[in-house]
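**Q** Below is a structure I'd like to ask you about.
Rule-based calculations on the coordinates, nothing more; no lab input. Here the structure is a predicted model, which means the values were calculated and not measured. Quick reminder, even Gly has a Cβ in these numbers, built from the backbone with ideal geometry, and neighbours come from all protein chains shown.
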Amino acid sequence: MQTPQSLSGYTIKMFVSTTSFEKSGDQTERTQSSDSSVGEFDDESTLEFRKTFGYSQEMEDRLQAIRDKDFARLDEQQCVYLDYTGAMLAPDSLVDEHGKTLRASVLGNPHSENAPSLSATDMDIIARETVLSFCQASPDDYTVIWTANASGALRVVGECYPFQRGGAFLYALDCHNSVLGIGEFARKKKAKISGFNFLPDSLSYDWSSFTKQVDKLSKGKAPKLLGFPAESNVSGYAHDVRRYVDYAHGKGWDVFVDTAAFAPANPIDMKALGNPDFLSVSFCKLFRK
Ligand SMILES: Cc1ncc(COP(=O)(O)O)c(C=O)c1O
């Protein structure tokens with residue numbers, strides 16, 4: 001696995017641009033300053049980086065083509081944007097295409113018999129089928145629930161899960177804040193809450209501590225929920241999801257897997273993930289042309 005530390009030996013020079021707001025008199029003035037002392041990528045470092053991480057010229061050309069076509073504003077504003085997975089930038093072509101669809105369609109609420117409503121229903125059906133097929137999930141087993149983002153999806157799980165006294169919520173300590181929020185729903189309904197940690201060297205979960213906690217919390221019939229990320233946004237580590245899902249299922253638990261950080265760079269296959277009971281995806285982090 002490539003940890004962030006593995007990159008520290010490389011000098012990647014970037015053009016840094018900063019924007020600040022300064023108050024002068026009654027007016028707030030926006031000033032832009034650029035550090036032009038750093039310029040192009042350093043050749044030797046770039047070559048070494050490419051060699052070590054298998055980053056070919058072809059990949060670079062493809063990325064540059066996407067950048068030219070969909071994110072020209074980055075170059076126009078001399079901006080290096082590094083948080084695509086946290087908050088994606090809308091690609092120009094997607095905005096154009098969606099704008100065209102909205103301008104050409106008359107869409108109503110998708111639950112009536114009139115023509116605008118039926119058009120919206122058709123779109124909704126196609127979108128649901130597309131999501132299920134993207135996740136390699138059978139419509140017999142899974143239902144798509146639209147939410148604004150992955151945090152919204154995790155909130156729905158927390159709000160609806162039948163936590164109760166004698167039940168439990170067990171979560172991984174390298175999960176996203178939005179998973180921690182589920183603990184509050186469990187706490188209010190008197191379920192037990194516990195976390196399991198990852199090993200500092202390998203970044204994978206401590207299997208024996210995980211199984212011990214599941215076993216300890218498994219007493220009684222009250223519903224129990226396990227939650228963890230397929231890929232951690234804390235460590236960047238992609239976990240062996242199926243192993244944990246299978247173990248918890250074997251003890252009668254429900255499991256949710258958060259794929260918000262995993263899905264941008266990995267295919268989702270429900271079966272390969274052990275058929276979790278809930279799965280959260282953040283499509284705004286994926287869609288690009
Ligand atoms: C692992 C993980 N889970 C959940 C989220 C929250 O996703 P969203 O921004 O769609 O609410 C993120 C955001 O980066 C994430 O990395």
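**Q** Please go through the residue pairs Lys190/Lys251; Lys100/Lys271; Lys212/Lys285; Lys189/Lys285; Lys69/Lys285; Lys190/Lys285 and name each one whose alpha carbons sit more than 25 Å apart in this structure.
**A** Check vs 25 Å cut-off fails for Lys100/Lys271; Lys212/Lys285; Lys189/Lys285; Lys190/Lys285.
**Q** Right, another one. Along the positive direction of the dipole of the stretch 143-285 (beta-carbon charges: Lys, Arg +1; Asp, Glu -1; about the Cα centre), which of Ala261, Ser202, Leu225 reaches farthest?
**A** Leu225
**Q** Just in the stretch 177-269: which trypsin sites (Lys or Arg not before Pro) are loop by DSSP and have at most 16 other Cβ atoms within 10 Å?
**A** Lys189, Lys190, Lys219, Lys221, Lys251
**Q** Something else now. Taking H placed 1.01 Å from N in the peptide plane, check which residues at least 5 places from Phe169 or on another chain put their amide H under 5 Å from its amide H.
**A** The answer is Lys192, Ile193, Ser194, Leu225.
**Q** Please arrange Leu170, Leu180 by counting, for each residue, the other beta carbons lying within 10 Å of its beta carbon, fewest first.
**A** In order of increasing Cβ crowding within 10 Å: Leu180, Leu170.
**Q** Let me ask another. By a straight-distance test (C-alpha under 16 Å), which aspartates and glutamates pair with Lys224 as possible cross-link partners, with residues fewer than eight away in the same chain excluded?
**A** The reachable aspartates and glutamates, counting only those whose Cα sits under 16 Å from Lys224, are Glu159, Glu184, Asp215, Asp246, Asp254, Asp277.
**Q** Rounded to the nearest 20 debye, what is the charge dipole size of the stretch 193-289 about its Cα centre when +1 sits on each Lys and Arg Cβ and -1 on each Asp and Glu Cβ?
**A** Here the size comes out at about 240 debye.
**Q** HN-Hα J couplings of the stretch 52-61 from phi, Karplus 6.51/-1.76/1.60, θ = phi - 60°, integer Hz, Gly and Pro as x?
**A** 5, 9, x, 8, 8, 4, 4, 4, 5, 5
**Q** Under 5 Å between amide hydrogens, which residues at least 5 positions from Asp277 or on another chain qualify, with H placed 1.01 Å from N in the peptide plane?
**A** Those qualifying (amide H under 5 Å, at least 5 residues apart or on another chain) are Val255.
**Q** Oh, and also: So, counting K/R as plus one and D/E as minus one, what does the shell of residues with Cβ under 14 Å around Leu279 add up to?
**A** Taking every Cβ under 14 Å from that of Leu279, the sum is -4.
**Q** Starting from the Cα gyration tensor of the stretch 176-289, take the square roots of the eigenvalues, sort them a ≥ b ≥ c, and report rounded, prolate or oblate (rounded when a/c is under 1.5, otherwise prolate if a/b is larger than b/c, else oblate).
**A** Prolate, because a/c is 1.5 or more and a/b exceeds b/c.
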